[in-house]
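Undergrad: This structure is in structure tokens; I'll ask about it shortly.
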Amino acid sequence: MMSYVYGNSSAEEMAAAINGHGIAFAQVDPRQKGLLDGDGRMGIRQAEHIRKVFQQQGISIPVLSGYMNLLDPDPGRREANLQEMEEMIELCPSFGAGCIATETGSLHPTNPWGHHPDNDTEAAWDALLHVTERLRLRAASNGVTLLLEGYVNNVLSTAERAARLIRELPSAGLGLVMDPFNYIKEADLKRQEEALDVIFDAIAPHCVIAHAKDTLYTAKGIHTPRAGTGLMQWELVADRLTRTMPDAVLYLEHLQPDEVEECLAFIRQAYRQ
């Protein structure tokens, strides 16, 4: 379960709710209001408290969520984001987390998840390599793996580019998130088997975890709602996860607390199919 599903819930409320669904793993964002300490801050003591609360419910926290725009076009905001990411990397061991996941972001001036033509330039690629290497080194020095998640509108927009990044940087402290729903272009919805094969062939060997949601397109572009509410043939996704990443933890995304059981039932049916 992704912790943001439970909004401003306290660690105690969140862990109890997750346990109630028989879920044993959480991807936690330490910046959530309900998970900050009494002064509204992150910190080692608070991280250890959250870890203990979750452990008491039989839940581990293998991954932290550090989603932010790593390539913000404003230099000051970019540096602030990178420093916040470094702070969270250093908190990972206190949470018991071996990984931290993030998307790479966009050079769009106002929308960190919006497409911008500059995202596709070699200058943007070089900037991505630079920030990733900085964070990879910090992660490796803390015994942590930085997991990058691609998205069609971002600089890391395709599985091929994700594979290229892995080839161009040292492997220590660096991996990927298997989130095929983020890589699907509108035309791919009509050729899902082929599109999924391209994605899994390119990045599955480098992916540590997987995300469970869906994909659809509207006049406003891509949307990634909860699993079962988009246009993906989920049995195809389940098949490829089973064959290429059978031991990976699968995290539920983009749903409300009262939708968890329905979402779980849908995914289990996809695996049976």
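Undergrad: From the Cα gyration tensor of the range 69-212, with a ≥ b ≥ c the square roots of its eigenvalues, which class applies: rounded if a/c is under 1.5, or else prolate if a/b is larger than b/c, or else oblate?
TA: Numbers: a/c = 1.86, a/b = 1.23, b/c = 1.52.
Oblate shape, in that a/c is at least 1.5 and b/c is the bigger or equal ratio.
Undergrad: From the alpha carbon gyration tensor of the chain, can you work out the equivalent ellipsoid semi-axes (sqrt of 5 times each eigenvalue) and give them in Å, largest to smallest? Mind dumping the intermediate values first?
TA: Working: eigenvalues 138, 124, 58 Å².
Semi-axes from the Cα gyration tensor: 26, 25, 17 Å.
Undergrad: Magnitude of the Cβ-charge dipole of the range 13-66, K/R +1 and D/E -1, about the Cα centre, nearest 20 debye? Present the calculation step by step, with values, prior to reporting the outcome.
TA: Details: 6 positive and 5 negative charges, 15 e Å.
Its charge dipole is roughly 80 debye.
Undergrad: Let me ask something else about it. I want to verify a result. In a Gaussian network model of the chain, Cα cutoff 10 Å, which of these has the top mean-square fluctuation: Ile59, Ile184, Ile100?
TA: Of the options given, Ile59 has the highest mean-square fluctuation.
Undergrad: Amide H of Glu253 versus every other amide H placed in the peptide plane: which residues, excluding those fewer than 5 positions away on the same chain, fall under 5 Å?
TA: Placed amide hydrogens put Ala212, Ala227 under 5 Å from Glu253.
Undergrad: Using a Cα-Cα cut-off of under 23 Å, which lysines could be cross-linked to Lys190, ignoring same-chain neighbours fewer than 8 residues away?
TA: The qualifying lysines are Lys213, Lys220.
Undergrad: Looking at Met85, Gly105, Leu128, which one has the Cα that reaches farthest to the positive end of the dipole of the chain (charges on Cβ: Lys, Arg +1; Asp, Glu -1)?
TA: Met85
Undergrad: Once the piece of chain linking Asp126 and Glu160 is laid out straight, how much longer is it, given 0.36 nm per residue of separation minus the C-alpha distance between them? Kindly include the intermediate steps, with their values, before the conclusion.
TA: On the way: separation 34, 0.36 × 34 = 12.24 nm, distance 1.59 nm.
Gain in length upon complete extension: 10.6 nm.
Undergrad: A further question follows. Taking 7 Å along the Cα-to-C-beta vector as the label spot, tell me the Arg191-Lys220 distance in nanometres, rounded to one decimal.
TA: Here the answer is 2.9 nm between the modelled labels.
Undergrad: Hey, what do the phi angles of the range 104-112 turn into as Karplus ³J(HN,Hα) couplings, whole Hz, using 6.51/-1.76/1.60 and θ = phi - 60°, x for Gly and Pro?
TA: For the range 104-112, the Karplus curve yields 8, x, 9, 8, 4, x, 10, 10, x Hz.
Undergrad: Most mobile of Gly221, Gly43, Gly34 per a Gaussian network model of the chain (Cα springs, under 10 Å)?
TA: Answer for the Gaussian network model of the chain: Gly221.
Undergrad: Given the range 3-272, what percent of its DSSP beta bridges are antiparallel, to the nearest 5?
TA: Numbers: 3 of 23 bridges.
Around 15 percent of the beta bridges assigned by DSSP in the range 3-272 are antiparallel ones.
Undergrad: Enumerate the amide H contacts of Thr145 below 5 Å, restricted to partners 5 or more residues apart or on another chain; note that Pro and chain-start residues carry no placed amide H.
TA: Those lying under 5 Å, H to H, from Thr145 are Cys99, Ile100.
Undergrad: Starting from 0.36 nm per residue, how many nanometres of slack lie between Arg77 and Glu262 once their C-alpha separation is accounted for? If you can, show how the numbers build up before the last one.
TA: Values: separation 185, 0.36 × 185 = 66.60 nm, distance 3.92 nm.
Gain on stretching Arg77 to Glu262: 62.7 nm.
Undergrad: Once you've got the GNM for the chain with C-alpha springs shorter than 10 Å, pick whichever of Leu156, Leu165, Leu176 has the biggest mean-square fluctuation.
TA: Leu165
Undergrad: I would also like to ask the following. Arrange Thr158, Thr215, Thr242 by Cβ neighbour counts within 10 Å, fewest through most, would you? Could the numbers behind the result be given before it?
TA: Values: Thr158 18, Thr215 22, Thr242 10.
Neighbour counts put them in this order, fewest first: Thr242, Thr158, Thr215.
Just so you know, all these numbers are worked out from the coordinates, no wet-lab data involved. As the structure is a prediction and not an experimental result, all values here were calculated from the model. Every residue, glycine among them, receives a Cβ derived from its backbone with ideal geometry; neighbour counts consider all protein chains shown.
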